[in-house]
Amino acid sequence: MAAVGSPLIFAVGILGNILSFLVILAPVPTFYRVYKRKSTESFQSVPYAMALLSAMLWLYYALLTKDLLLLTINTVGCVVETAYLAIYLAYAPKQAKAFTAKLVCIMNVALYGAMVCVLQLLVRDGESRVTIAGGIGSAFALAVFVAPLAIIRQVIRTKSVEFLPFWLSFFLTISAVVWFFYGLLMKDFFVATPNVLGLLFGLAQMALHLVYKNPKKKGDVSEVQLPDDDEKNQLPLHHQQQQQAGTTGHVVAPPIIDDGEQVVNGSEDDVGGNKQQSVSVMDIVLPPPEEHPTLPPLDHPAPLPPMRMAVEVV
């Protein structure tokens, strides 16, 4: 490996620390939102559990190689990622909380502890220990880059990058470039190799932001289009009568004659032997249109126009 004391390597390492620190802080708005709303909504805990394990592995690798720049940033990473998972566990629903707790216990405690014990107790050669730890760290570094892509399906389905933070994708991409050059200058290919794919995955995430950068916000309601005049003419007759009814009107009461030829709603006169009926017209107060009773449908009602519904866009 090249000497860390080289000014160029040290400068690139400092820049990598700064960018990685920004990557670590990128989810802060997400977890502030979780804290304010007291809900994790559709956010997933897998990327943060993977990031914590990666930081733990690189911390162990930095202790073996005595790389101060790797040591500092991964110590910060372990602390911050642990805080993220604590917030997630505090506000996650019961099922997600149980899944996250199992994931952390199995992956971050059991597997990591077993790896450290095996390397420390069974691998006597220091160089072999560094090689194994570096290989495992590289593998999990790739998992960290891939983890945010687990929600690509959700992004494409909802056509929204709400749950794929832009700044996290951006700083992951830039950080991958810097750490690639750091590993190249240090001749540490365990550091350089995973950042090649990290750059590709970061570019893929940025492409998603370009495609779905202007999604509809949750709660937006699509415009409801009212039927035009032609469509109104196709409405059933009893619907048109309800729309056109006023608060008052004239009602013609037909005569009602019982068995004894007694006129109820009118008078009956004999004119030339013919019976004539006079019909009374009464003014009555009709209920408001919305309270009108529904008239029986016609035998052959006109077809209804296609229904347009207000759909809440998620």
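The values are calculated or read from the model by the stated rules, or taken from the named source; none is laboratory data. A quick note: this is a predicted structure, and the numbers were derived from the prediction, not measured. Reconstructed Cβ throughout: ideal geometry from the backbone, glycine too, with neighbour counts over all protein chains shown. Accessible surface areas use protein heavy atoms only, side chains included; no ligands, DNA or RNA. Shrake-Rupley method; radii C 1.70, N 1.55, O 1.52, S 1.80 Å.
Across the protein chains, with a 1.4 Å probe defining accessible surface, the residues Ser39, Ser175 rank Ser39, Ser175 from largest area downward. With θ taken as phi - 60° and the Karplus curve 6.51 cos²θ - 1.76 cosθ + 1.60 applied, the whole-hertz 3J(HN,Hα) list for segment 183-188 is x, 5, 5, 7, 6, 10 Hz, x standing for glycine and proline.
The label-point distance for Lys187 and Lys66, in a model that sets each label 7 Å from Cα toward Cβ, rounds to 1.7 nm.
The calculated FRET efficiency for Val177 paired with Gln95, based on their beta-carbon distance and R0 = 30 Å, is about 0.20. In sequence order, segment 18-26 has phi-based couplings of 5, 5, 5, 5, 5, 4, 5, 7, 4 Hz under the Karplus curve 6.51 cos²θ - 1.76 cosθ + 1.60, θ = phi - 60°, and Gly or Pro positions carry x.
Here segment 2-212 has 75 percent of its accessible surface on carbon and sulfur atoms, given a 1.4 Å probe and all protein chains in place. Amide H contacts under 5 Å for Ala92: none, restricted to partners 5 or more places along the chain or on a different chain, H placed in the peptide plane at 1.01 Å from N. Simple spin-label estimate for Leu22 and His209 gives 1.0 nm between the two label positions (7 Å along the Cα-to-Cβ direction from each Cα). Residues in segment 115-125 carry Karplus couplings, in order, of 5, 4, 5, 5, 5, 6, 9, 9, 9, 7, 6 Hz; the curve used is 6.51 cos²θ - 1.76 cosθ + 1.60 with θ = phi - 60°, and Gly or Pro positions show x.
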